[in-house]
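One structure is given below, encoded as structure tokens.
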Amino acid sequence: MKTLILKGHVVFTPTSKNFEIHENSYLIVEDGVVKGIFKKLPEQYKNQEVKDFTDKLIIPGFVDLHLHAPQYVNRGLGMDKELLPWLETYTFPEESKFRDINYAKRVYKKLIEDLWKYGTTSAVIFSSVHKDSTKLLMDLFINSGMRAYIGKVNMDRNVPDELKEDTEKSLEDTEEIILEYKDKSPLVKPIITPRFVPTCSEKLMQGLGELALKYNIPVQSHLNENVSEVKWVSELHPDFPNYASVYDRYNLFGQTKTVMAHCIYNTDEEIDLMAKNQVYAAHSVHSNFNLSSGIMPVRKFLERNVPVGLGSDISGGHTLSIPQVMVAAIQASKMKWLESDKKLMPLTIAEAFYLATKGGGSFFGKVGSFEEGYDLDCLIIDDSTINNSDIRELSVEERVQRFIYLGDDRNIIERYVKGEKIDRPQ
Ligand code: GUN
Ligand code: FE
């Protein structure tokens, strides 16, 4: 058995209600799984090495529930357009470059290094339509030691010719990746990825739903992101009552574990269906601002027990920093409350932290918390450059707040995934 003992201020959110804080305590991990948190080191561990981070913060690693790996080099570009013209102008031309595996390698190595840098230890990722680049991304992730679901994008209509897939070939390539990667790594897994309804024929969605059920593979896509997109879906599928019902009809909506990005314009029926099928919403607030998409009423989803996590949505979103996404999610929820509905109470900081850790982490299993039985994915935070302790002592909870709002990668001194220290990916 491999034992890891970390000492420091242990901070996590077992529920969204409050932080649980154990000041200068011992976090004990066996074979990558949390055994317990103790104020005094239990007798049986007396002879074990303790990694001593006294007075530093130990928090769960961040979870990014939605991002597009091949859009990495477009971060911060083209933020003056709405979703559909942005896809045509910036995104599809960039994604078509990933036919070239050497280009993919240069970008994906940098992306993985950046995720590591920002403390994202788990991510749910769209690659491009290209099979070989997708496999490369999965292999690079496996080498990194970080956790991910990675999906080859499927699309066979309404996209430029160089990205348009033959329906049968799209399904064959997807099945090949599933067979090759479903048991290859405990931390990096395939996920079925119809881009969104407008780019997927019914035949393609039918086939993808069958693959999801056949191999019990999770699903990711986009839902109700932008007014023009929602209108387009209703024109393409006039016989369906709403956008979500199209995915649902093809077994792509919670029949296996599913995450849908955005969910800004969900009807009450669609929110109820997400609750019933336990479909996750990936709240990708930076992207929703940048592409003028709107503000997701996140409180409505939480009240109805829809599982929710946060997404950077690179490159609709401009940064991989999940703390920055947390800040924006809190700010957006305040504007929603103030400007449109006084019943939708703003997110608290503990709620935002929960969404960024245990909320999104539950998509991966027992991830994102330090309760007994959870996989130990954590960050060690040295906030001495930002906490001004020489002027005024902050409480541990205040230090966490300060780190979320003002911290950056320079404050993250170590990262662990399933009990293993993760070094900067090469
Ligand atoms: N909808 C379909 N494709 C995309 C994408 O790449 N980014 C975002 N934000 N929405 C999408
Ligand atoms: Fe997206």
Note the angle between two axes, namely the Cα long axis of helix 131-144 and the longest principal axis of the Cα atoms of the chain, as a number of degrees from 0 to 90, rounded to the nearest 10.
0
Grab the Cα-Cα distance for Asn388 and Lys110, subtract it from 0.36 nm times how many residues apart they are, and report the gain in nm with one decimal.
96.8 nm
May I ask you to sort Leu208, Leu302 by Cβ crowding, counting other Cβ atoms within 10 Å and putting the fewest first?
Leu302, Leu208
Among the aspartates and glutamates, which have Cα under 12 Å from the Cα of Lys17 when same-chain residues fewer than 8 positions away are ignored?
Glu351
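If I stretch the segment between Glu420 and Gln278 completely, what's the gain in nm (0.36 nm per residue apart, minus their alpha carbon distance), one decimal? Please report the intermediate quantities before stating the final value.
Numbers: separation 142, 0.36 × 142 = 51.12 nm, distance 3.06 nm.
Using 0.36 nm per residue and subtracting the Cα-Cα distance, I get 48.1 nm.
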Say each of Lys164 and Val50 gets a label point 7 Å from the Cα, pointing the same way as Cα to Cβ; how far apart are those two points in nm?
6.6
With n ≥ 4 as the cut-off for DSSP H runs, can you work out [θ] at 222 nm for the chain, using -39500 (n - 2.57) per run divided by the number of residues, rounded to the nearest 500?
-10000 deg cm²/dmol
Excluding residues fewer than 8 places away in the same chain, name every one of the aspartates and glutamates whose C-alpha is closer than 13 Å to that of Lys35.
Glu371, Glu372, Asp375
Within straight-line cross-link reach of Lys117, lysines at Cα separation under 16 Å, skipping those fewer than 8 residues along the same chain
Lys109, Lys421
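Pulled fully out, how much extra length does the chain show between Thr267 and Asp183, if you take 0.36 nm times their separation in residues and subtract their Cα-Cα distance?
The span from Thr267 to Asp183 would gain 26.5 nm if fully extended.
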To the nearest 10 degrees, the tilt of helix 101-117 (Cα long axis) against the first principal axis of the alpha carbons of the chain is 40
Overall Cα dimensions of the chain, principal axis frame, Å, largest first
64, 49, 38
Got the relative contact order for region 300-426 handy, in percent, Cα pairs under 8 Å and 6 or more residues apart?
20
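From the cross-link list Lys152/Lys257; Lys97/Lys203; Lys334/Lys366; Lys105/Lys135; Lys51/Lys110, which pairs have alpha carbons spaced over 20 Å apart?
Working: Lys152/Lys257 17 Å; Lys97/Lys203 27 Å; Lys334/Lys366 30 Å; Lys105/Lys135 11 Å; Lys51/Lys110 29 Å.
Where the Cα-Cα span goes over 20 Å, the pairs concerned are Lys97/Lys203; Lys334/Lys366; Lys51/Lys110.
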If you bin the C-alpha pair distances of region 6-95 every 10 Å from 0, what whole percents do you get?
14, 31, 15, 17, 18, 6, 0
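Against the empirical 2.2 N^0.38 Å scaling, what ratio does the C-alpha Rg of region 91-155 come to? Can you show the working numbers first?
Details: Rg = 11.3 Å, N = 65, 2.2 N^0.38 = 10.7 Å.
Normalised Rg, Cα atoms only: 1.05.
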Could you list Met1, Met146 so that the one with the fewest beta carbons within 10 Å of its beta carbon is first and the one with the most is last?
Met1, Met146
Computed label-point distance, nm, for sites Glu172 and Ser234 using a 7 Å Cα→Cβ extension:
4.0
Give me the angle, in degrees from 0 to 90, between the Cα long axis of helix 268-277 and the longest principal axis of the Cα atoms of the chain, rounded to the nearest 10.
60
Find which of Val246, Val396, Gly76 sits farthest along the positive direction of the dipole of the chain, computed with +1 on the beta-carbon of Lys and Arg, -1 on that of Asp and Glu, about the Cα centre.
Val396
Estimated distance in nm for a label pair at Lys214 and Tyr405, the labels positioned 7 Å out from Cα along Cα-to-Cβ:
5.3
With +1 on the Cβ of every Lys and Arg and -1 on the Cβ of every Asp and Glu, and nothing else charged, how large is the dipole of region 1-141 about its Cα centre, in debye rounded to the nearest 20?
300
Report for the chain the percent antiparallel among DSSP-assigned beta bridges with both residues inside it, nearest 5.
45
Roughly how many Å is it from the Cα centre of region 165-228 to that of region 1-72, as a whole number?
34
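Determine the dipole magnitude for the chain: charges of +1 sit on the beta-carbon of Lys and Arg, -1 on that of Asp and Glu, nothing else is charged, the reference point is the Cα centre, and the result goes in debye to the nearest 20. Let's see the in-between values first.
Details: 52 positive and 62 negative charges, 153 e Å.
For the chain, the charge dipole is close to 740 debye.
Quick note: the coordinates plus some simple rules give every number you see, no bench work behind them. As the structure is a computational prediction, the values presented were derived from the model and not from experiment. For neighbour counting, all protein chains shown are included, and Cβ atoms are generated from backbone atoms with ideal geometry for every residue, glycine included.
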